[in-house]
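Peer 1: Have a look at this one.
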Amino acid sequence: MVGRGPVNQEIYDSLLLLQHRGQDSTGIATAERSGVFHLAKARGQVREAFRTRDMRSLLGEIGLGHVRYATKGTASSEEEAQPFYVNAPYGIVLVHNGNLTNTRELTDELFHTDRRHLNTSSDTELLVNILANELQAVISGLQLDPEQVFQAVSRVHDRAEGSYAAIALIAGYGLLAFRDPFGIRPLIIGTRKAKEGGYEWVVASESLVLENAGFEVVRDVEPGEAVFIDLEGRLHTKQCAKDPKLVPCSFEYVYLARPDSVMNGISVYEARLRLGDRLADTIAKYTPKDAIDVVMPIPDSSRPAAMQVARKLGIEYREGFYKNRYVGRTFIMPGQAIRKKSVRQKLNAMSTEFKGKNVLLIDDSIVRGTTSKEIIQMARDAGAKTVTFASAAPPVRYPHVYGINMPSRHELVAHGRTIPEIAEELGADYMVFQEVEDLKAAILEGSPDVEDLDMSCFDGRYITGTVSEEYLAWVEGSQES
């Protein structure tokens with residue numbers, strides 16, 4: 001965020017809105033015009049991480065923040081919390097959403113060629129060091145200008161593989177944001193007029209941040225594009241990739257993003273409604289007509305799809321689960337034991353809604369199956385006569401390497417199993433999944449500008465083209481060790 005006054009409180013408020021994107025740790029960095037940085041980060045959620053003394057120390061009119069969801073490194077390690085900082089050739093603080101897929105090669109290059117030392121296994125620390133190194137390589141004078149920044153980002157694109165939506169502060173110069181050449185992870189720009197005159201700017205993962213703070217949505221950062229906002233509030237942009245193509249992550253629309261956000265011109269809420277419409281057709285095709293009395297969502301992200309399923313099938317929609325909103329999202333919690341324990345803390349089945357009924361439960365996706373199995377048993381314990389379980393997403397059969405933590409194939413309940421075998425494993429009477437092509441069509445219907453999606457966890461096609469069987473085996477081994 002680049003403001004005309006202190007930005008610490010607005011960054012804090014924005015992180016509260018983005019808490020669903022990560023609950024492991026959080027951090028805020030601000031900078032004064034002189035180039036002095038102030039940094040605060042800690043484990044846990046935003047409300048518990050920052051104290052009054054932390055906020056008072058975050059001085060400056062420019063800053064950034066991050067909520068972490070561990071996909072690399074250790075979830076509980078404070079050292080892995082973002083932002084990351086380097087002090088040469090300029091002070092740079094960076095946050096990053098995504099996963100680099102050539103971390104082994106980059107780590108070797110940074111140590112042996114670039115002579116840079118890494119303190120953690122975080123690919124965000126890798127990225128900030130690569131950016132710093134490429135800025136060092138293009139400096140041609142005493143002052144850093146936007147064109148040199150864009151040259152450095154072009155060189156980052158040449159070296160980094162995978163997904164990355166990054167925001168960085170460069171001491172004494174301004175804020176830089178850039179997105180990988182496929183635009184896998186989201187990034188959007190907003191602006192508003194400042195009371196003191198001129199313009200203030202924000203770059204965020206989701207549009208709801210802009211709307212909540214009174215910013216006007218300008219546009220999404222293009223895949224491969226770099227955006228530089230100087231200390232005077234001037235916006236500079238340039239396409240820095242050789243062959244960019246917009247292929248956003250489908251899982252953002254299925255699960256990760258908040259429904260009130262718009263990403264790449266596609267409303268997340270409306271995409272989930274369309275997923276429900278198409279899922280209803282599949283349910284009607286594979287489920288006996290008299291096997292369903294009521295349709296129920298697994299709150300909250302599956303609610304739009306469940307409402308559409310009920311409407312299209314002409315079956316009563318009911319809310320059978322009460323959600324404890326003070327427990328985190330089970331899918332992004334580390335460890336099977338923690339996830340399993342948290343399901344019954346998070347959801348309570350109301351027996352009056354289940355007793356003696358043939359129930360159709362709708363969830364947004366089924367990944368490891370731990371949560372789904374517990375929920376199906378809860379429905380039976382509450383008196384359900386039969387339980388049909390449907391997923392608004394197709395079976396997750398492959399690892400997701402671009403920023404969603406599902407690396408090990410043996411953890412995926414759908415990997416190597418047929419749909420009847422999945423139903424048996426989870427304890428459902430019937431199991432229905434969204435068709436892969438229906439998922440793609442439902443999301444893409446929202447925008448003529450998006451021609452393709454990364455659906456690698458569903459179809460095994462990795463859009464960057466550099467994900468090998470050897471790499472997948474290495475990721476699984478490193479996550480389990």
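Peer 1: Are there any pairs with C-beta distances below 7 angstrom linking a residue in region 110-137 that is closer than 12 Å to ARG155 by Cβ to a residue that is in a loop (DSSP other than H, G, I, E, B) and of a type in the set (Gly, Ala, Ser), with the two at least 6 apart or on different chains, and if so which?
Peer 2: Within 7 Å, the pairs are ILE130/ALA160; ALA132/ALA88.
Peer 1: Something else now. How about region 1-55: which of its residues are among the basic types (Lys, Arg) and part of a helix (DSSP H, G or I)?
Peer 2: Hits for region 1-55 are ARG21, ARG47, ARG53.
Peer 1: Right, ALA137: surrounded by 22 or more Cβ atoms within 10 Å (Cβ to Cβ) and either in the same structural domain as LEU235 (by TED's automatic domain parsing) or in a loop (DSSP other than H, G, I, E, B) (or both) or not?
Peer 2: Considered against the rule, which asks whether it is surrounded by 22 or more Cβ atoms within 10 Å (Cβ to Cβ) and either in the same structural domain as LEU235 (by TED's automatic domain parsing) or in a loop (DSSP other than H, G, I, E, B) (or both), ALA137 comes out as no.
Peer 1: Can you tell me how many residues in region 1-41 are free of Cβ contacts under 8 Å to residues at least 60 places away in the same chain and farther than 21 Å from GLY91 by Cα?
Peer 2: Qualifying residue count, region 1-41: 6.
Peer 1: Okay, next question. Quick one: is VAL367 buried (at least 20 other Cβ atoms within 10 Å of the Cβ) and in a strand (DSSP E or B)?
Peer 2: Considered against the rule, which asks whether it is buried (at least 20 other Cβ atoms within 10 Å of the Cβ) and in a strand (DSSP E or B), VAL367 comes out as no.
Peer 1: Residues in region 458-467: is at least one among the small types (Gly, Ala, Ser) and at pLDDT below 95? Break it down into steps so the answer makes sense when it comes.
Peer 2: Quick first cut of region 458-467, residues among the small types (Gly, Ala, Ser) only: 460, 465.
Subsequent filtering for residues that are at pLDDT below 95 retains 460, 465.
Yes, region 458-467 has at least one match.
Peer 1: Going by the conditions given, is ASN87 at pLDDT 90 or above and within 30 Å of VAL467 (Cβ to Cβ)?
Peer 2: Answer is no for this residue.
Peer 1: Run GLU200 past the list (1) buried (at least 24 other Cβ atoms within 10 Å of the Cβ); (2) under 23 Å from the mean Cα position of the chain (by Cα); (3) farther than 16 Å from LEU131 by Cβ and report the number of the one that doesn't hold.
Peer 2: (2)
Peer 1: Answer yes or no as to whether ALA166 is of a type in the set (A, V, I, L, M) and buried (at least 24 other Cβ atoms within 10 Å of the Cβ). So that I can check it myself, show each step before the final result.
Peer 2: Details: of a type in the set (A, V, I, L, M): yes; buried (at least 24 other Cβ atoms within 10 Å of the Cβ): yes.
The answer is yes for ALA166.
Peer 1: For region 151-218, list the strands (runs of 3 or more DSSP E) that sit wholly inside it and hold at least 1 residues that are among the basic types (Lys, Arg) and within 25 Å of ASP13 (Cα to Cα); which are they?
Peer 2: 174-179, 188-193
Peer 1: Then there is this: Mind telling me which of the residues GLU216, GLU200 ends up being under 20 Å from SER267 (Cβ atoms) and of a type in the set (D, E, K, R)?
Peer 2: Being under 20 Å from SER267 (Cβ atoms) and of a type in the set (D, E, K, R) holds for just one of GLU216, GLU200, which is GLU216.
Peer 1: Here is a check on your reading of the model: is ALA310 over 21 Å from GLU437 (Cβ atoms) and either over 20 Å from the mean Cα position of the chain (by Cα) or of a type outside the set (Lys, Arg) (or both)? Explain how you work it out, then say what you get.
Peer 2: Working: over 21 Å from GLU437 (Cβ atoms): yes; either over 20 Å from the mean Cα position of the chain (by Cα) or of a type outside the set (Lys, Arg) (or both): yes.
The answer is yes for ALA310.
Peer 1: Just one of ARG219, ARG311 is surrounded by fewer than 16 Cβ atoms within 10 Å (Cβ to Cβ) and closer than 30 Å to ASP158 by Cα; which is it?
Peer 2: ARG219
Peer 1: When region 287-302 is examined, which residues are found to be surrounded by 23 or more Cβ atoms within 10 Å (Cβ to Cβ) and in contact with a Gly (Cβ under 9 Å, 6 or more places away or on another chain)?
Peer 2: Within region 287-302, MET296, PRO297, SER302 meet the criteria.
Peer 1: Hey, another quick one. Can you tell me how many residues within region 72-84 are modelled with pLDDT under 60 and surrounded by 15 or more Cβ atoms within 10 Å (Cβ to Cβ)?
Peer 2: So the answer is 3.
Peer 1: Within region 330-345, can one find any residue that is modelled with pLDDT under 95, of a type in the set (Gly, Ala, Ser) and under 22 Å from TYR253 (Cα atoms)? Step through it out loud before you land on a result.
Peer 2: Residues of region 330-345 modelled with pLDDT under 95: 330-345.
Keeping just the survivors that are of a type in the set (Gly, Ala, Ser) gives 335, 337, 342.
Next, from what is left, pick out any that are under 22 Å from TYR253 (Cα atoms): none.
No, the conditions are met nowhere in region 330-345.
Peer 1: Identify all residues within region 51-64 that are more than 21 Å from ILE189 (Cα to Cα) and buried (at least 21 other Cβ atoms within 10 Å of the Cβ); write none if there are none. First the steps, then the outcome.
Peer 2: Start the filter on region 51-64 by keeping residues that are more than 21 Å from ILE189 (Cα to Cα), which leaves 51-59.
Residue satisfying the conditions is LEU58 alone.
Peer 1: Let me ask something else about it. On the basis of being buried (at least 24 other Cβ atoms within 10 Å of the Cβ) and more than 27 Å from MET263 (Cα to Cα), does LEU360 make the cut?
Peer 2: yes
The values are calculated or read from the model by the stated rules, or taken from the named source; none is laboratory data. Model, not experiment: these values are computed from the prediction. Virtual Cβ from ideal backbone geometry, glycine too; neighbours counted across all protein chains shown.
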